[in-house]
Structure formats: structure tokens, C-alpha cells
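Every number in this text was worked out from the coordinates using simple rules, so none of it is lab data. All values reported here derive from a predicted model rather than from experimental measurement. Glycine also receives a Cβ, built like all others from the backbone with ideal geometry; neighbour counts cover every protein chain displayed.
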Amino acid sequence: MSKVCELTGKSRYKANKVSHSNIKTRRFKYPNILKKKWKLSELGRSFTITLSTSALRTIAARGGLVPAILMEKEENLSERLLSVKRELLRKRGKTENRTIREMSTEI
């Protein structure tokens, strides 16, 4: 299982393990990664996505998976979610030129 969040791009990072005698040894710290299955009603399919627990909180705060995908920067998304984002934008059509962020600031 990949240890990279597909929505936020969180991955392992380097840290020091410090002993009682203050000897520092390099180690890796990993994000809390889960596999979740989501059904996107707009596309009519379901996806199994590798997410961090903080990404689950982000999805809840943004009001669901679709707004979370549409609001996220493209450089953070995985290739799979990037293609889903493009498909969602195509599905919504070119009539809606405003972004989700502009719509959320109006409320």
C-alpha cells in the first residue's frame, strides 16, 4: 500500500530518533493513511482512494469529496484524482466559469 495521500499529497518525512544519551539516528515518519471507498454520484462510479486522516477532515469541512477535489491544487492531487477532477469539470460544462472557491466566498 502506498504511503502517500492522493488528495493532499502527504508522504513520509525525515525525523531524528533521539536516544537517552542524545544520539540522533535518522528515521522516517509516516502519515496516518487509510483506504476509503467513495461513490461519486455525478460520475456514476465508485473509487477506492488512499487518504490521510487529515484529508478526511478536509473532505468533511469542504462539504464532500467532489468539492474537496475541485478546491484542491492540481500539484497536490494524484494522477488518478487529477483525471477525476478534469472529468468532473467536463461534466459540469463550460457554462459554469466560476470556481468553487468563488462560490464559497459569496455565501
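Largest GNM mean-square fluctuation among Ser78, Ser21, Ser52, using the chain with Cα springs under 10 Å: Ser21.
Listed by chain and number, the lysines placed with their C-alpha closer than 27 angstrom to that of Lys35 are Lys3, Lys10, Lys14, Lys73, Lys85, Lys91; residues fewer than eight positions away on the same chain are left out. Full extension of the chain between Arg45 and Lys29 yields a length gain of 2.4 nm, computed as 0.36 nm times the residue separation minus the alpha carbon distance.
Cβ crowding within 10 Å, taken as a proxy for footprinting-reagent exposure, orders Val66, Val84, Val4 from fewest neighbours to most as Val4, Val66, Val84. Taking Cα atoms only, the orientation of helix 79-92 departs from the longest principal axis of the chain by about 20 degrees. Modelled spin-label separation between Lys17 and Trp38, with each label point placed 7 Å from Cα along the Cα-to-Cβ direction: 3.5 nm. Under 15 Å from a label point 7 Å along Cα→Cβ of Arg90: give me every residue in region 44-71 with its amide N that close. The answer is 44-45, whose backbone nitrogens lie closer than 15 Å to the label point. Looking at region 44-77, the GluC sites (Glu not before Pro) that sit in a DSSP loop and have at most 10 other Cβ atoms within 10 Å of their own Cβ are Glu74, Glu75.
When Kirkwood radius over Cα pairs in Å is calculated for this entry, the matching label among [x] 13.5; [y] 15.7; [z] 14.5 is [y]. Between Gly63, Gly93, Gly44, the Gaussian network model of the chain with springs among Cα atoms under 10 angstrom shows the greatest mean-square fluctuation at Gly44. Fewest-first ordering of Lys10, Lys85, Lys29 by other beta carbons within 10 Å of each residue's beta carbon gives Lys29, Lys85, Lys10. For the pair Val4 and Arg80 in one chain, pulling the backbone fully straight at 0.36 nm per residue adds 26.1 nm over the alpha carbon distance.
Proximity of backbone amide H atoms, modeled 1.01 Å from N, is registered between Thr8 and Ser52 at under 5 Å, excluding neighbours fewer than 5 places apart on the same chain.
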